[in-house]
Structures are given as structure tokens and as C-alpha cells.
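> Just passing along the structure, written as C-alpha cells.
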2 protein chains.
Amino acid sequence: MKRMVMKFGGTSVADIGRIQAVAERVVPFVRKGYQVAVVVSAMGKTTDGLLFMAGQLGASDRREIDQLLATGEQQTIALVAMALRAAGISSRSYTGPQAGILAEGYHMEGRIRRLQPFLLEEDMEEGLVPVVAGFQAASSKGDVLTLGRGGSDLSAVALACALEADECHIYTDVEGVFTADPRIVQKARKLRKISYEVCMEMAVLGARVLQARSVEMASRYGVPVYVGSSFTEEEGTWVMRDNVNEKLYVHSVTHDRSVAKIAVLGVPDKPGIAAGFFGLLAESGIAVEMIIQSVMRGDMNDIAFLVRKDDLGEAIRVTTKYVEKVGAQGVNFDTEVARVSVIGAGIGNHPEVPPQMFSVFAELGINIDMISSTALTITCVVEAGRAEEAVKALHRKFVEEAAPCE
Amino acid sequence: MKRMVMKFGGTSVADIGRIQAVAERVVPFVRKGYQVAVVVSAMGKTTDGLLFMAGQLGASDRREIDQLLATGEQQTIALVAMALRAAGISSRSYTGPQAGILAEGYHMEGRIRRLQPFLLEEDMEEGLVPVVAGFQAASSKGDVLTLGRGGSDLSAVALACALEADECHIYTDVEGVFTADPRIVQKARKLRKISYEVCMEMAVLGARVLQARSVEMASRYGVPVYVGSSFTEEEGTWVMRDNVNEKLYVHSVTHDRSVAKIAVLGVPDKPGIAAGFFGLLAESGIAVEMIIQSVMRGDMNDIAFLVRKDDLGEAIRVTTKYVEKVGAQGVNFDTEVARVSVIGAGIGNHPEVPPQMFSVFAELGINIDMISSTALTITCVVEAGRAEEAVKALHRKFVEEAAPCE
């Protein structure tokens, strides 16, 4: 008996008509004999409406915000279960806590700790379709903990792992994963299949796909994830284990303007200095990406790195304090930067890719500020205003002019 | 340290402004050193909106309706907790299940089975104000069970009992309990104090006061209940143990048009016949009131009784089947009836009250169809169209012309 988890995001359950459409999408799988569990988000703008009310009260207590937000998905699960029954399928709804999704950590950014989906398994074995509230879990104290941005996808993938599902379907308002953002690159192609690793890099580097947390969890348990639209019948994208080969497939060209660059100048070159500095940033909850250290003159280093723009103020505060403490020469920052990335299988083994990429920038007269590369990516930090132009040229070079990838 | 439970109904939390007003009403009690727990209903028309969506799906699954409805109160608790914090009072919200309110029975009509409000007690002892969702409880399976009509009042009173509170305040959109419906009787007076027993009779006989279930629970544990408006500063009504005396106080004249009369004609007068018949009605979940049996001719009885109009169709079905089975002569029913009641302490010991009441009807030329009396009430069933007229005359006779009661 095949098992699957089907997840529907907020736009896919935005009103009663959409909720009935969700039921219509689930029914054929049940009729074919699949054991199906459904995971849903809050309806459309529900979460925004709840946050607006909390805002009117000037509320910042995260436990209460979690308690409030959790009602959004709870409404959807009941309505979806009703719609399934109306469509002739037995169904039962579960909040995150009722479904046995346990989390730990801070409110509004809970991290899944354990899943005990016994009730769901019983239902599925009896032919019922459990409908589970995404985004929410129980803390060890019985409080509601929400899972942060992309939390509903994570709930779905985590349940698929715990239920040993054969497939996890994520239905959303985009038709799948593309070689570039179709709003920028007209010739962007939908990908039929990508590996977990590539998908994770894409998520981190700015593509509108699954959150990296969800992909990582799917990868860890090897659950194939399908990403597709709940609005059309177009075939979407499978995220799954890669075929074994060494060919070069450039899957995607992305850019990301949500980062800012910080440079610390003239840092004394002593052991432990970098560890101390990035330790302080981590303690302040600031995620740092693309650290580049260059030995410049004698016993001094310059250290540059990227942070989320949201974290910039705090990051500069921490950095300035550190500069004073260790006697570095200064700090500067730049918010008008973007990272532009080429992502694909085999890039690390194809040394021709980096120089080809740099030539594209050179032809456009775009200055490259920072460079980093991994087995699957090459990323350049450039002036923000020219990022889209670069994406188009790189997509032409690596996707349109190359052999079609899967 | 005095302890109290304060409950606010739907109109009292209808929007953010009203929720802030709730906080303002709670704060002074906390400042005075009271340990306060707050119980709230869903905001204004939230429940209706949720039921409308369920209706669009043609949903009748009561478990899912409970799951859906429970989100209404859950939103209010979070917002009220936020408003209390904004007003400088530490607070924490609890759904019914989180608060340790356990129930059994059918969905949408759960009955409280046990309370385990340990977390609330901890909070109160630490000076926090727990805010609890009324109307909802956990089943032994961890499902949400709602408690039926008036369920939020019941949650509040039950918590007051379990927390051994000194007072339970029920805030609503009426200013207290009146000697008659002020919309009908201009001279209706607000009562300062009534006994549990009288309040229970009033609830059953059509006054707009607390549900009988809540009053019964308060009575059982002796918790004084205050009923007042959250919109004004007018003093409301206390429902509490009576002073010991035998004076006659007529507290209220009520009428109730929500009932219908059924008469079974020519029932063979054999032992067990009535038991069998009312047993059948009870099995169908039909509550029966005011049973009157009259021996008419030889070995035949007529039996008349009242049912809720909602139950009439089912009651006639059951009755007709029974009439055929035992060979009775027929069934008739009347929906155009009302019961009119005089309710007060000492009525049973003051034999002048029934004849005085009957004379009022006689003077108005109103025919009395059925009569029943208890220690605290005399009720007559009359033609529905003349009930209000009778209420006015009885109020004049027993309340306005009598010595003022408390």
C-alpha cells in the first residue's frame, strides 16, 4: 500500500471553493488505494489578519502570538476534513499537538524534536484521511509552538518521513522549480527533477522553492518531494535522490538581494580572533554567510561576510564593539549588494564553469566583489542594481545555450 | 488572598477596543490583590462565521465542527492575554484542554467530567492572570469537545468551583437579573440578589439569565455568582445562598414561547404505560416538561406535556408510533402556547398565591390550559398571543404592588 502526504499552502485553501478543490485533488489518490495524510496552512490572509489584531494591542509576547496564530490552521483542518467527507472520503482533523508533532526552542521559531503520529497511522490503516495543521507543534509543556517561516512545508515533510511515506506532495501557487525566476528570465524552464542538494542550494541562494530546512529533512530520510501548483494540472518538479553520474547540469541561476555585506578592516592576525568574533555574532542569533578572509598586509587581515538585511543593525553593533575590543582598524558595510549564483550538479568537477561565469560579468562590465564556490554552486557578490541583467546573461550562457537538462 | 473568576461573553470581546476594556475591568481587581482567572467566549459573530463556512460545505460531522469552533475562543484568549500585558499585568492564555478542563459525552454537547487546573493555580499563585477559553474541553481521546449552549458560563463557574474561588463574575450585555423582561414590562426592576434555586427556575422558565446548568454547578459548590454588564458601571445581580426566612418574595414573572404542547388522548390506564412512553421520548433525546395526566373516563387517561419546539417533529413521530402500539385514541399538538410563570422564594408556603394568579388570568379573560407548581414557581400554559399581556398584569400584582424585594 502506497503512502503519501499532500500539503496545501495558504493560497490553495484561501476560500471554501479552493478547499473543495483540495478535496477534489485528494480523492483520486484515495480511490487509487493510496493511504493519504493531508497537511494544510492557514487560509489565505488569515495569519496576517491575526497578526494585525495582535499589532493593535502592541503585543510582542511570542507565546500568545503562537496561541493566536495556531487557530488559522485549526480552522483549515476542520474545513478540509468536512470537504473530504462531503466528497465521500472519511476524514479526521488534527492540530499539530493532536497529531503528535513535538517541538522545542523559542516560540515562533520552534524546531521539530519528535513525531508520534500514532493516531494518523491508525486512521490511514482504517482508510481515513487525517488532515493535519501545518506550522504548529506542541512544546513539552503543552504550549503551542509554531515552526517559523516555511513551517507548514516542514510539517509535511517531517510527517512524510515519520509515516515512511513514499511521496510528499507540496501544492502551492507556483508550478514547480524553474531554472531562473520566470518573472525576470523569459526563457526560464521548469525543471522536471532536481536533487536534494541542488534544491537546498537554490533555497539558500534565493530561488522561490522549498525552504532549506524542509529539503534537508527530506534528504535525510530520502522521501521524494513533489512541488506543483494546486491551480493547474501542469506537471511540477520532483526533488529526490540524484542519478549517479558526473555530467554537468546547470539547474538554476538565482539572485538574492536580501543580504548586506559587512567588512572588518585591519584585524590583527592572531589565533582565535575569528572564532571569537563569529562566536559573538552567533550568540546574538545572527546568521553569517560567505565569510571571506584575505591576508592583506603583514599581520593584519580583512574579513568580509554577508548577513540578512534584517540582522544588519544588530550585526554592526556587535561588530563595532568587537573592533574596539581587539583593536581592528574599522568596519564598513554595503546594503546595495546582491549575490548571483549558478547552481547545478557537477559544477565542482567542471573547472571551466568559474572562468566562463566571470567572463559573462566582464562582458557586462560588472565588478565582482566577493566569490565563493562549493561542489554545486558558484556565487558572486555584485552591485545590486545590475543583478537581474547578470542573471539573464548567465541563464543564456549556462541554460539556454547548453544541452537541455532534465 | 481572595480568588475570583471573571467571565466575558461574545459581545464583551467583540473587537480590539472591547478587549482592551476587558483588560481595564480586570486590572483593578489584580491591583487590589485578588488572584484572578479570566474566561472568555469567541469574539462577537466569530462562531456564526465559522458555522457559515461549515454550512457551505454541508458539514454535519460534529467532531470537526467542534475542532473548528474551538478556534474562536482560542483567538480571544491570546488577544486578551496580550491586552492584559499591554495594561501591565502578566498573563498567560490557555485553551480548554490546556487549562485541564475535561469533558465526556457527544461532540457539541460535552458535559464536564473533571477539572485539573494545576497550571492556572500555579499562575495565580505567581501573580499571573490565566486567560481560559470557555465553551471547550478535552475528551479522554484528546479531541476538542464543546459544551453546548451557555457553555462558556459553565466553564467559568466550573473553574470557580475547582479553584475554590470566592466569587465568579459573569459579564454580559445585560445589566443583571430583572423581575421581568424589561423589553416587555416597563417597570421591571433589577434584582440585587437571588438564590440559586430561584435563578435555576428562572433559567428553565424563560428568563434571560444564566443557564440552569451553570447555576446548578455554582449551587452545588456554593460559589457566589455575580451577573452584570461589561458595558456600564451599573451594579448587577448576585446569585448566591439565600438568607434563611419564610417571607414571600416574588422575584420574577417570566414567559416562554419556545415550547409546544402535545396531548395523547385515550391512553389505556395500565401500569407501565407512562414509563414506556416517556422512556421512548428520552431515548430519542427529547426533553419533556410539565407532564399532566388526567383520569377522564373509566380506564382511559389523557396525557399532556410540553416539549421544545425544536424537538416537536421528532416528538410527534415517536408519540404517533406509541399511540398505535398501545391502542390509544389519538394525538394532538399545539405550537401556539406559552408558559407564564411566577417565581419566588416562599411561594410553596403561601397558599394565597395560586388563586391570586388565577384571578389575574380570569380578569383578562385568558383561558388556562395547564397548571403546575413547585416550591418556588407557579406556571400556567396559556394561548401564546396573550402571554405578554399576562406577564404585565402579573408583574403589577406580584412585584409592583408588593413590598420591594431585595
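No value in this document is a laboratory result; all are computed from the given coordinates. Since the structure is predicted, the reported quantities are computational estimates derived from the model, not experimental observations. All Cβ positions, even for glycine, are placed from backbone atoms using ideal geometry, and neighbour counts span all protein chains on display.
> The stretch B:62-99 to the stretch A:71-129: how many Å between their Cα centroids?
20
> Ok, one more. How large is the charge dipole for the stretch B:147-272, taken about the Cα centre, if only the Cβ atoms of Lys, Arg (+1) and Asp, Glu (-1) carry charge, to the nearest 20 debye?
Using only the charged Cβ atoms, the result is roughly 520 debye.
> Hey, got the average number of other protein chain Cβ atoms within 10 angstrom for residues in B:61-72?
6
> May I ask you to give the average projected area over all directions of the convex hull of the Cα atoms of the protein assembly as shown, in nm² rounded to one decimal?
Averaged projected area of the protein assembly as shown's Cα convex hull equals 43.7 nm².
> Could you check the spin-label model distance between B:Glu126 and B:Asp15? Points 7 Å from the Cα along Cα→Cβ, value in nm.
Once both label points are built, they end up 3.5 nm from each other.
> Sort the following peptides by mean Cβ neighbour count (other Cβ atoms within 10 Å, averaged over residues), highest first: B:47-53, B:11-17.
Put in order of decreasing packing, that is B:11-17, B:47-53.
> From Cα pairs below 8 angstrom and at least 6 apart in sequence, can you work out the relative contact order of the stretch B:3-173, rounded to a whole percent?
For the stretch B:3-173, the relative contact order is 31 percent.
> While we're here: Find the centroid of the Cα atoms in the stretch A:365-381 and in the stretch A:191-245, then give the distance between the two in whole Å.
The stretch A:365-381 and the stretch A:191-245 have Cα centres separated by 23 Å.
> A follow-up question, please. Among the lysines, which fall within straight-line cross-link reach of A:Lys141, defined as a Cα-Cα distance under 26 Å, with same-chain neighbours fewer than 8 residues apart omitted?
Within reach: B:Lys7, B:Lys141.
> Now a separate question. Once you put a point 7 Å from the Cα of A:Asp334 and another 7 Å from the Cα of A:Asp166, both along the Cβ direction, what distance in nm separates them?
Those two pseudo-labels are separated by 5.2 nm.
> Using the crude model of +1 on Lys and Arg Cβ and -1 on Asp and Glu Cβ, and no other charge, please compute the dipole size for chain B relative to its Cα centre, in debye to 20.
260
> Name the residue from A:Pro271, A:Ile343, A:Tyr322 whose Cα lies farthest towards the positive end of the charge dipole of chain A, charges +1 on Cβ of Lys and Arg and -1 on Cβ of Asp and Glu.
The residue sitting most towards the positive pole is A:Ile343.
> How high is the relative contact order of chain B, in percent, counting Cα pairs under 8 Å that sit 6 or more residues apart?
Reported relative contact order: 13 percent.
> Ok, one more. Give the calculated FRET efficiency between B:Phe278 and B:Glu363 to the nearest 0.05, with a Förster radius of 51 Å applied to their Cβ-Cβ distance.
Efficiency for this residue pair is about 0.90.
> A:Lys141 to A:Asp269: extension gain in nm, 0.36 nm per residue of separation minus the Cα-Cα distance?
41.4 nm
> Right, here's the next one. When the Karplus curve 6.51 cos²θ - 1.76 cosθ + 1.60 is applied with θ = phi - 60°, which whole-Hz ³J(HN,Hα) does each residue of the stretch A:262-274 get, with x for Gly and Pro?
Those phi angles translate into 10, 10, 9, 9, x, 8, x, 7, 10, x, x, 5, 5 Hz.
> Near the amide H of B:Leu145, under 5 Å away, which other amide H atoms are found, from residues 5 or more places off or on another chain, if H is placed in the peptide plane?
B:Ala137, B:Ala138, B:Ser139
> Roughly how big is the stretch B:3-173's charge dipole about its Cα centre, with Cβ charges of +1 (Lys, Arg) and -1 (Asp, Glu), in debye to the nearest 20?
Using only the charged Cβ atoms, the result is roughly 140 debye.
> Here is a further query. Tilt of helix B:62-86 relative to the longest C-alpha principal axis of chain B, in degrees (0 to 90, nearest 10)?
40
> Still on this structure: Using only the alpha-carbon atoms, how far is helix B:212-221 inclined from the longest principal axis of chain B? Give it as 0 to 90 degrees, nearest 10.
Computed tilt is about 70 degrees.
> Here's another thing I want to ask about it. Karplus couplings for the stretch A:323-337 from phi (6.51 cos²θ - 1.76 cosθ + 1.60, θ = phi - 60°), rounded to Hz, Gly and Pro as x?
The phi angles translate into 4, 4, 4, 9, x, 7, 7, x, 10, 9, 9, 9, 8, 8, 10 Hz.
> Run the numbers for B:Arg220 and B:Ala287: contour at 0.36 nm per residue of separation, minus the present Cα-Cα distance, in nm.
21.9 nm
> If packing is taken as the mean number of other Cβ atoms within 10 Å per residue, what is the order of A:167-177, B:148-158, highest first?
B:148-158, A:167-177
> Please list, by residue number, everything in the stretch B:315-348 whose backbone N is under 16 Å from a paramagnetic label point 7 Å out along Cα→Cβ of B:Thr374.
The answer is B:339-348.
> Using θ = phi - 60° and the Karplus form 6.51 cos²θ - 1.76 cosθ + 1.60, what ³J(HN,Hα) does each residue of the stretch B:186-200 get, whole Hz, x for Gly and Pro?
4, 8, 4, 10, 7, 8, 7, 7, 9, 7, 3, 5, 5, 4, 5
> At 37 °C and 0.692 mPa s, what whole-number value in µm²/s does Stokes-Einstein give for the translational diffusion of the stretch A:3-173, with Rh from the Kirkwood sum over Cα pairs?
The estimated diffusion coefficient comes to 210 µm²/s.
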